[in-house]
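One structure below.
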Amino acid sequence: MTRSILIIAALAALASGGYLAATYFAAEQTTAQEATPTALPPVLAAADVIAEAAVVPETSARLRFETAGTVSELLVREGDEVRVGDPLARIDSRDLELRLAEAETELSRTRAAYDKLAADSTPEQIAEAEAAVAINEARLSEEVSRVTEADILAARASLEQAQAELAELLAGPKQVEIAEAQARVDRNRAALERSLVALQQIRDDTSKAKTDAERQIQKATVDLEVAQSEYSEAYWRYQNVVDKGHAPSDTETRDNPDLSDYGTLREQEAFKQAELKLQAAQLALEQAQKDLEKAQRDELNTIAEGEKNIAEAEAQLREAESQLADLLAGADGDEIARARADVAAAQSRLDELLGAERQAGIDAAEAQLAQARAQLEQLKAPRRTVDLGEAKVAIQQAEVSLQKARLDLDKATLVAPINGTIAALNIEIGELADTTTTVITMADLSKLEIETDDLTELQVVNVNVGDSVTITFDALPGVELSGKVTHIKTLGENKQGDITYTVTVQPDQMDPRLRWNMTAVVAINAGE
């Protein structure tokens, strides 16, 4: 027991009248050296049976999934009020939904098969079956007559050609083929040598052109420097004439003013000539630079073209040498194997036209014709009861499978079995729920009662349905509620060697402060 006092019942049997009286004593927890008795409250002292109890709802439910899976939805929270049938949680049902769709499809298929079997054949179906018979008769006729003398002659010719090619490979190369291959090698080698010589000539020519262009640039650079110097001198002389009326060293024009105009014109003309010479030198240098760039481009382009020609000549030489080597080596194993396979295929084709394979084709055509005729006869014949019975059984099996698939899908949703309040959620979205763990606890908290499972077999014999009860609570000191025993469980349970029974007490009125699982003490007055 969890309380601070221990209830000890002492039963005394009285011989006269068979009357049983119970006397109860209470003792506080004491040290090992001393225990001091404590008097019971008057209500407890006067009671016949005293037991610990708990506040419980009249109706409660501990819910778990009927099928295992990953929780995908939680539709309620703790404290929510729900009604019977409300969905509370779901597990991932995608696989179950697919199974339901498959079951629905299978039921539709079996019903369609039954309808098809039960229905009389339509003129269109019979006509279609008759057409199938005609088609297969034509195929059989074609199979019988498909091999002609021309087909056989062509197959023999193909076989002879394949045999000749195989014989040629086995015989090895001819001398004339070797000579032709060697000649190709020599021609390509000579072409490669010519390409190498041509490339060297190109390198020499383009190098010379580039060198000449570089020299022209050097010369044009010197000429430009000279022209720039002359231009500067002419410009200086002309500017002095303009500023002073004479050239710095022209004593004739300086001492003779009548000649000053002549000196000015002369210096002006010299300046113009120097300017033209400078422009010509600049143009010459620009042209020399363009010529050098062209020579460089020509060198790159012509060398690239020559190298391309050499690469092509080398590739042609390698190919010719490879062909000569292959010819000298003779046919390899793969070529001979392919030639032999061609011979075998040609022989097989001829055998097919002449022998058993042709007969196999005829037999297959005859079997297809027989099947088509049987289908036509089945359409014309009346329906058999046994076939219809089997089709009905198939429908029933599909209906059962559909019901099971729907039930399995329903099991993926946990629904409220009672009206009440969600008291506890023991699962979260994404967790794996099994079929043994309680995931939701709920109860109708509007109707509470008191329940004790603490009465031993010696105590319960003194208790009856209807006995009056006084109820006290640890959480509500001083509160006493009256009530009556409403139910005594028939089956006892073994608890640590004692057989105990569960007794339910209904208070006459309920304090609104009481909560589920609050601790209580019931004092039962037997026979009242």
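Note on ASN494 and ASP86: with the Förster distance fixed at 45 Å, the Cβ-Cβ geometry gives a FRET efficiency of about 0.70. Separation of the alpha carbons by more than 31 angstrom is noted, of LYS210/LYS272; LYS404/LYS495; LYS404/LYS447; LYS447/LYS495; LYS380/LYS404, for LYS210/LYS272; LYS404/LYS495; LYS404/LYS447; LYS380/LYS404. Ignoring lysines fewer than eight residues from LYS277 along the same chain, the ones with Cα atoms less than 19 angstrom from its Cα are LYS219. A Cα-only calculation for the range 175-329 places Rg and Dmax at 32.6, 108 Å.
Listed from fewest to most Cβ neighbours within 10 Å, the set ARG62, ARG99 follows the order ARG62, ARG99. With the simple model of a label 7 Å out from the Cα in the direction of the Cβ, LYS447 to GLU168 spans 10.5 nm.
The length gained on full extension between ALA127 and GLU177, counted as 0.36 nm times the residue separation minus their Cα-Cα distance, comes to 11.3 nm.
List ASP334, ASP212 from most exposed to least, where exposure is judged by having the fewest other Cβ atoms within 10 Å. Don't skip to the end; give the middle numbers.
Working: ASP334 8, ASP212 14.
Placing the least packed residue first, the sequence is ASP334, ASP212.
Please work out the FRET efficiency for the pair THR105 and TRP516, using the Cβ-Cβ distance as r and a Förster radius of 56 Å; give the result to the nearest 0.05. According to the calculation, E is roughly 0.70.
Any read-out appearing in this document is the output of simple, stated calculations on the displayed coordinates, not a laboratory observation. Keep in mind it's a predicted model, so treat the numbers as computed, not measured. All Cβ positions, glycine included, derive from the backbone under ideal geometry; neighbour counts span all protein chains shown.
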